[in-house]
Amino acid sequence: MENNFITYLLGLPLFGSILILYLKKENIIRITGLIISLGAFIVSLLMYFNFDPSINGFQFFHKQSWIDNLNISYEVGVDGISLLMVLLTTFITTLTLISSWNAISKKVKEFTFFMLLLELGMLGVFVSLDLFMFYIFWEAMLIPMYFIIGIWGGENRIYASVKFFIYTMFGSLLMLVAIVWLGVYASGTLGYFSTDFAELVTVAPGITSTIQNFMFLAFAFSFAIKVPLFPLHTWLPDAHVQAPTAGSVILAGVLLKMGTYGLIRFCLPFFPSASIYFAPAISVLAIIGIIYGALVAMVQKDMKKLVAYSSVAHLGFVVLGIFALTEEAMQGAVIQMVNHGLSTGALFLLVGIIYERTHTREISEYGGIAKVVPLFSFALLFASLSSIGLPGLNGFIGEFLILLGAFKSPVLNSWWYTVFAASGVIFAAVYLLWMYQRVVFGEIKNPAMRNLKDMTGREILVLAPIFLFIIWIGIYPGTFLKLSEQSAKHVVNQVMTETNQNLVDKDGN
């Protein structure tokens, strides 16, 4: 049973998406999609309860030969880091389908079909232990998101979906070249072409530094587009603004984490010396993203665009944590990936809730709605404080660990990284609280706002589990940190062993 957990996990959305095509009534389609996604969430919970966090390595491992001539296999497994991403994916997808119950009224069958396919692609990325299989899922995920934005998006949805597709596809092709190059290089040591993660992770670190640098850049460029890391972020605001609420929640909650997950899973262990060499430069780009994203968010007139630029800032924190290469920072980066999915996902849900009632996202159209929609006003404040990183809520834990780890980093070796990154926390408070003040407080200037209806029971049902986890992580983060502890420590040790070796070589001792 345990060895087949991941196969069941992937099989459910695949089976569900095919089943949806044969259904006709919209309500049955919605219910079926929800049941399938809820089933995937239950399987991920079973994986969580059967996972042993004290073991360093992949669990629920399953391998089946696929393309014999190229030694390509169906190979899956999870460690603590990927299990957290799996849980986040199934959790957010289920809530997103509930949230879109009334918001999506046209082509419900197609929407549910693409949502389940998207869930399959995202889960496949997080559980694949064969690079060929990883690449298939990485590319396959583009198709449903392209259609979700292109069909159910805003006025400029076609432009946004094409831009999203081209950006990601371009980076993916470089990664494909690097995968083939790595497999061919490994054949010189192994005696055969291989895309097996376990085999490549033993061979890749021995590659000469020049070639390793090129391979690292090919992988990192692809992942950096998905994060998105400054200055490769320009597709994100367009995609978020034009996407339907469900698309924005999935995009912010899960898709962006595929980029940071790729950096941790492949770039660091495969190319340790290149990771060390490029760490300061990438950390500088991350800090620029933190500050730039916050400053641009401050001047936005559209609530959705403001939240979109906040993602650029928050993911900059995650990238800084990854390349600080300390255990604290790596743990902070992993938990911050989860935190961002929860807090920013909640913010996009709330923007979607108010947009459904008013059909405007312009901040200037609002004001004074606190007395009219008190539940919504409280929920918006709670999600904003979570995103800011208020102590006691989830965002604080991730940012604190990242800043602590960056300060101690032997690779970055400068406290200036921490100082500039910490300024992003202040900027986040400025743009989110300023937005909240203009939307919620003051006098009602727009007469249409006097007749707003507060949150419904279904909307509260969607947000309540997210808020529960926001408080849980903020008060007792150990529940989640212990899952990724061994995996984060292992990744850092893999890279730092190379650092110590380089220091020995330089000293000649």
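The values are calculated or read from the model by the stated rules, or taken from the named source; none is laboratory data. No experiment lies behind these values; they were computed from the predicted model shown. Positions of Cβ are backbone-derived with ideal geometry, glycine not excepted, and every protein chain shown enters the neighbour counts.
For region 36-54, name all the residues that are out of contact with any helix residue (DSSP H, G or I) (no Cβ under 8 Å at 6 or more places or on another chain) and in a helix (DSSP H, G or I).
Ile42, Phe49
Scan region 152-177 and report the pairs whose first residue is more than 30 Å from Trp101 (Cβ to Cβ) and whose second residue is assigned to a helix (DSSP H, G or I) and among the small types (Gly, Ala, Ser), with Cβ atoms within less than 8 Å and a gap of 6+ or a chain change.
Close Cβ pairs (under 8 Å, with a partner that is assigned to a helix (DSSP H, G or I) and among the small types (Gly, Ala, Ser)) amount to Gly171/Ser222; Gly171/Ala224; Ser172/Ser222; Leu174/Ala218; Leu174/Ser222; Met175/Ala218; Met175/Ser222; Val177/Ala218.
Which number in (1) crowded, with 24+ Cβ neighbours inside 10 Å; (2) under 28 Å from Glu485 (Cβ atoms) marks the one condition that Leu432 misses?
Exception for Leu432: condition (2).
For the structure I just gave you, tell me whether Ile369 is part of a loop (DSSP other than H, G, I, E, B) and either surrounded by 19 or more Cβ atoms within 10 Å (Cβ to Cβ) or at pLDDT 90 or above (or both).
Considered against the rule, which asks whether it is part of a loop (DSSP other than H, G, I, E, B) and either surrounded by 19 or more Cβ atoms within 10 Å (Cβ to Cβ) or at pLDDT 90 or above (or both), Ile369 comes out as yes.
Is it true that some residue in region 191-203 is within 29 Å of the chain's Cα centre (by Cα), in a loop (DSSP other than H, G, I, E, B) and not aliphatic (A, V, I, L, M)?
Within region 191-203 (the criterion being within 29 Å of the chain's Cα centre (by Cα), in a loop (DSSP other than H, G, I, E, B) and not aliphatic (A, V, I, L, M)), the answer is yes, since at least one residue qualifies.
Considering each residue of region 405-419, count those that are surrounded by fewer than 18 Cβ atoms within 10 Å (Cβ to Cβ) and touching a residue at least 12 places away in the same chain (Cβ under 8 Å), and give that number.
2
Here are the criteria: (1) part of a helix (DSSP H, G or I); (2) surrounded by 13 or more Cβ atoms within 10 Å (Cβ to Cβ). Tell me which single one Ile426 does not satisfy.
Going through the list (1) part of a helix (DSSP H, G or I); (2) surrounded by 13 or more Cβ atoms within 10 Å (Cβ to Cβ), Ile426 breaks only (2).
State which residue is modelled with the lowest pLDDT when the search covers only region 5-29 and only residues that are of a type in the set (Val, Ile, Thr) and in contact with a helix residue (DSSP H, G or I) (Cβ under 8 Å, 6 or more places away or on another chain).
Going through the qualifying residues, I end up with Ile29.
Checking the condition of a type in the set (A, V, I, L, M, F, W, C) and buried (at least 16 other Cβ atoms within 10 Å of the Cβ), which residue from Phe441, Phe400 passes?
It is Phe400.
Here are the criteria: (1) at pLDDT 85 or above; (2) surrounded by fewer than 16 Cβ atoms within 10 Å (Cβ to Cβ); (3) over 30 Å from Ser275 (Cβ atoms). Tell me which single one Ala448 does not satisfy.
If we test Ala448 against (1) at pLDDT 85 or above; (2) surrounded by fewer than 16 Cβ atoms within 10 Å (Cβ to Cβ); (3) over 30 Å from Ser275 (Cβ atoms), just (1) comes out false.
With respect to Leu70, is the statement that it is touching a residue at least 12 places away in the same chain (Cβ under 8 Å) and more than 26 Å from the chain's Cα centre (by Cα) true?
yes
Out of the helices (runs of 4 or more DSSP H) lying entirely within region 235-279, which hold 1 or more residues that are of a type in the set (Asp, Glu)?
Per the criteria, 235-242.
Evaluate the following for Gly11: is it small (Gly, Ala, Ser) and without any contact (Cβ under 8 Å) to a residue 12 or more places away in the chain?
For Gly11, the condition - small (Gly, Ala, Ser) and without any contact (Cβ under 8 Å) to a residue 12 or more places away in the chain - is met.
Can you tell me which residue in region 457-466 is nearest to Pro53 (Cα to Cα), limited to those that are touching a residue at least 12 places away in the same chain (Cβ under 8 Å) and surrounded by fewer than 20 Cβ atoms within 10 Å (Cβ to Cβ)?
Ranking the qualifying residues of region 457-466, first place goes to Pro465.
Do we have Phe317 as surrounded by 22 or more Cβ atoms within 10 Å (Cβ to Cβ), in a helix (DSSP H, G or I) and of a type in the set (Phe, Trp, Tyr) here?
Taking the combined requirement at face value, the residue satisfies it.
State which residue pairs qualify: first residue closer than 10 Å to Thr112 by Cα and inside region 20-46, second residue among the hydroxyl-bearing types (Ser, Thr, Tyr) and part of a helix (DSSP H, G or I) in any location, beta carbons under 6 Å apart, and separation of 6 or more residues or different chains.
That search, which allows pairs on different chains as well, returns Ile20/Thr112; Ile29/Thr112; Gly33/Thr112.
Report yes if Ile335 is within 17 Å of the chain's Cα centre (by Cα), crowded, with 23+ Cβ neighbours inside 10 Å, in contact (Cβ under 8 Å) with a residue 24 or more places away in the chain and farther than 26 Å from Thr234 by Cβ, otherwise no.
In short, yes.
Of the conditions (1) within 28 Å of the chain's Cα centre (by Cα); (2) modelled with pLDDT under 85; (3) surrounded by fewer than 18 Cβ atoms within 10 Å (Cβ to Cβ); (4) assigned to a helix (DSSP H, G or I), Ile471 fails just one. Which one is it?
(2)
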